[in-house]
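What follows is a set of notes on a single structure, which appears directly below.
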Amino acid sequence: MAEQTRFGPAGVPPMFRLLGASTLDTPRLLREEGLDAFEYQAVRWGPKPQIKEADARRLGEEAKKNDVKLSMHGSYFINLAGKRDVMEASKRRMIACAIGAEWLSAGVMVFHTGFYGMFEKDYALKTCIIALKEVSSEIKSLGLKVKLGPETMGRKSQVGNLDEIIAINREVEGTQLVVDWGHLHALHQGVFKTSDDMRKVAEKIERELGTQTLRNMHCHFSKIEFSSQGEKKHHTLDDQRFGPDFQLLAEVILDFGMHPTMICETPILDVDARKMKETLQQAQIQRQGQSRFNA
Ligand SMILES: [Zn+2]
């Protein structure tokens, strides 16, 4: 499979549901729309997979047939910096999601690492890393291939700023870098105003984790509303009241020769995923035109 930037929705688009489509129809419908990624939402899962193995495998086959790359968003009920019982329950949910992800042939299981709660930030991060090492080794011993994808988070109360995500990726085996650009924008009070602001993130990742990790990152994107505490609400790409602008990221993707999977998390999932794809294509065409002009 050639490496390419892929685009798709976080979950089954509302319009597909209105048309009476099932989750199993989703990969075909996405392909028909020109999309090639899909993040399956396992966000309400408990300690056991909440999809039948046969159904998951069929969905995985449909995705493969339609060249749609599958990922999974794992359970929201995870807090690896919590009290012992909370942490143990979180680990069980993560293993359940990892098993489900394996049935789907999903490459990465994205999740939210946890909350600082009463802990110091450093201590909370260390606690999360220890727990994640245990989850990672259990995944390995079960023979699962899915990667763990701790996501950059958008609220001040959450473990998962860029430095913390880089540290986890460096220290825990079997991880995949997941950057939610909207979350970073919200956490840092609207930091992405120019392409250079995003370029700094890319440069830091390249410096700390290497070029391959940068180029292969898994991304979430949406426009985002925030308060002083961070993320409040996701908005569509056309909403001029909020940032960041995807055009800025498109330039960075081209500058660094990246081929990320871009999962759209705006309220109009697939429609905005297509818009993002068009924006990247336009930016590419413009550059080709410029280089021809300069030649
Ligand atoms: Zn998330």
Members of segment 61-77 found to be farther than 23 Å from Pro14 by Cβ and either buried (at least 24 other Cβ atoms within 10 Å of the Cβ) or more than 16 Å from the ligand (Cβ to nearest atom) (or both), listed by number: Glu61, Lys64, Lys65, Asp67
Complete set of residues in segment 11-28 that are assigned to a loop (DSSP other than H, G, I, E, B) and over 22 Å from the mean Cα position of the chain (by Cα): Leu19, Gly20, Ala21, Ser22
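For segment 257-295, give me each residue that is among the hydroxyl-bearing types (Ser, Thr, Tyr) and under 25 Å from Leu30 (Cβ atoms). Step through it out loud before you land on a result.
Residues of segment 257-295 among the hydroxyl-bearing types (Ser, Thr, Tyr): 261, 266, 279, 291.
Thr261, Thr266, Thr279, listed by residue number.
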Among residues of segment 239-295, those that are among the β-branched types (Val, Ile, Thr), under 17 Å from the mean Cα position of the chain (by Cα) and outside any loop (DSSP other than H, G, I, E, B), counted: 3
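Scan Ala131, Ala101 and give me the residue that is farther than 23 Å from Thr211 by Cα and out of contact with any helix residue (DSSP H, G or I) (no Cβ under 7 Å at 6 or more places or on another chain).
Ala101
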Cβ pairs under 8 Å, 6+ apart, first in segment 213-240 and under 11 Å from His185 (Cα atoms), second of a type in the set (Gly, Ala, Ser) and part of a loop (DSSP other than H, G, I, E, B): Ile224/Gly154; Phe226/Gly154; Phe226/Gly190; Gly230/Gly154; Gly230/Ser157; Glu231/Gly154
Residues that are on the phi < 0 side of the Ramachandran plot, surrounded by 14 or more Cβ atoms within 10 Å (Cβ to Cβ) and part of a strand (DSSP E or B), drawn from segment 219-236: Cys219, His220, Phe221, Lys223, Ile224, Glu225, Phe226, Glu231, Lys232, His234, His235
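Within segment 170-189, track down each residue that is within 16 Å of the ligand (Cβ to nearest atom) and assigned to a helix (DSSP H, G or I).
Those that are within 16 Å of the ligand (Cβ to nearest atom) and assigned to a helix (DSSP H, G or I): Trp181, Gly182, His183, Leu184, His185, Ala186, Leu187.
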Only one of Ala63, Ala81, Ala37, Ala54 that is farther than 30 Å from Met118 by Cα, hydrophobic (A, V, I, L, M, F, W, C), touching a residue at least 60 places away in the same chain (Cβ under 8 Å) and out of contact with any Asp or Glu (no Cβ under 8 Å at 6 or more places or on another chain): Ala37
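Report whether or not Gly8 is outside any strand (DSSP E or B) and among the small types (Gly, Ala, Ser). Full working, then the answer.
On the way: outside any strand (DSSP E or B): no; among the small types (Gly, Ala, Ser): yes.
No.
Taking segment 29-46, which residues are away from the ligand (no atom under 16 Å from the Cβ) and either assigned to a strand (DSSP E or B) or loosely packed, with under 15 Cβ neighbours inside 10 Å (or both)? Explain how you work it out, then say what you get.
Step one: filter segment 29-46 for residues away from the ligand (no atom under 16 Å from the Cβ), giving 29-36, 46.
If the condition is that a residue be away from the ligand (no atom under 16 Å from the Cβ) and either assigned to a strand (DSSP E or B) or loosely packed, with under 15 Cβ neighbours inside 10 Å (or both), then Glu32, Gly34, Gly46 are the ones that fit.
Here, each number is a calculation from the coordinates, and none is a lab measurement. All values reported here derive from a predicted model rather than from experimental measurement. Cβ: placed from backbone, ideal geometry, glycine included. Neighbour counts: every protein chain shown.
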